[in-house]
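Here's the structure we're looking at; comments come further down.
The values are calculated or read from the model by the stated rules, or taken from the named source; none is laboratory data. Just so we're clear, the structure is a prediction, and the values are computed from it rather than from any experiment. Glycine also receives a Cβ, built like all others from the backbone with ideal geometry; neighbour counts cover every protein chain displayed. Remember, those area values only see protein heavy atoms, side chains included, never the ligands or the DNA or RNA. Shrake-Rupley method; radii C 1.70, N 1.55, O 1.52, S 1.80 Å.
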Amino acid sequence: MAIFSPGFQGRRRSATGLLPPGQYETNGFPVLSAGPTPRVPLDTWRFAITTESGQQHGWSWDEFRALPTAKPTVDIHCVTKWSKFGTSWEGVSLDTLLDGVETSAAHVLVHSYGGYTTNLPLADLRGGKAWLVHTFDGKPLTPEHGGPVRLLVPHLYFWKSAKWVKRLDLLVTDQKGFWERAGYHNYGDPWREQRYDGD
Ligand SMILES: Nc1nc2c(c(=O)[nH]1)N[C@H]1C(S)=C(S)[C@@H](COP(=O)(O)O)O[C@H]1N2
Ligand SMILES: [Mo]
């Protein structure tokens, strides 16, 4: 039996229905890029995970697209204060990609085509909380929004969701990324409003 609430609009507007402190809702999808948009042809695209012992696990586009996919619908929160509710994506869970990667590292430095970097704890990529997505709203992810493939880690501020993702380095010692070195918070939990270093 289906239950419809009075205001039901036919599509889910929010995954949680909640706005983190200091955020406002937008219906648009702003583009925030610290540099030019790299164009990565699919026949040369590769994604890799390297471990602290120097092992490398790599995927070509065809290998990546052969992996089982998930379709998360999530709210996203940018540190510049916009939040967007109910964004729907398709991609590969990091749990799938990390399956068979042997590591005792606790930290990750994410590298993008174009040179952008961002860091986060490896634990934040596990447990169904993070994906490498290639589809947004049922269509291939556009280059401006990080296509062919971006990281999606919606429980942290959106700068952690690296566009044009290329490689994850699993590290024993934490290493700061682009915005983290520039004074943004090392972890970036929107619910604790961790915008800047010291928040
Ligand atoms: N490679 C790369 N990834 C990036 C960025 C960037 O400049 N380069 N900007 C980050 C920031 S600050 C935000 S808010 C989101 C913006 O994603 P969007 O442009 O799809 O909205 O991407 C994040 N990932
Ligand atoms: Mo951002």
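Going through (1) under 10 Å from the mean Cα position of the chain (by Cα); (2) open to solvent by less than 40 Å² (accessible area, probe 1.4 Å) one by one, His155 falls short only on (2).
Residues in region 73-104 that are among the aliphatic types (A, V, I, L, M), farther than 25 Å from Pro21 by Cβ, touching a strand residue (DSSP E or B) at 6+ places or on another chain (Cβ under 6 Å) and buried (at least 20 other Cβ atoms within 10 Å of the Cβ): Val92 only.
Quick one: which residue in Thr37, Thr16 is touching an Asp or Glu at 6+ places or on another chain (Cβ under 8 Å), surrounded by 10 or more Cβ atoms within 10 Å (Cβ to Cβ), assigned to a loop (DSSP other than H, G, I, E, B) and modelled with pLDDT under 95? So the residue among Thr37, Thr16 that is touching an Asp or Glu at 6+ places or on another chain (Cβ under 8 Å), surrounded by 10 or more Cβ atoms within 10 Å (Cβ to Cβ), assigned to a loop (DSSP other than H, G, I, E, B) and modelled with pLDDT under 95 is Thr16. For Thr135, indicate whether it is in contact (Cβ under 8 Å) with a residue 60 or more places away in the chain, farther than 18 Å from His77 by Cβ and of a type in the set (S, T, N, Q). Answer is no for this residue.
Right, Ala162: aliphatic (A, V, I, L, M) and more than 14 Å from ligand 1 (Cβ to nearest atom) or not? Judged against the criteria, Ala162 is not a match. Starting from residues that are under 18 Å from Gln175 (Cβ atoms) and open to solvent by 10 Å² or more (accessible area, probe 1.4 Å), keep the ones in region 113-150 and report whichever is nearest to ligand 2 (Cβ to nearest atom). Among those residues, the one meeting the criterion is Tyr116.
Do we find a residue being in a loop (DSSP other than H, G, I, E, B) and under 12 Å from the mean Cα position of the chain (by Cα) anywhere in region 170-190? The answer is no; no qualifying residue exists. The set of residues in region 165-181 being within 11 Å of ligand 1 (Cβ to nearest atom) and either in contact with a helix residue (DSSP H, G or I) (Cβ under 9 Å, 6 or more places away or on another chain) or over 20 Å from Glu102 (Cα atoms) (or both) consists of Val165, Gly177, Phe178, Trp179.
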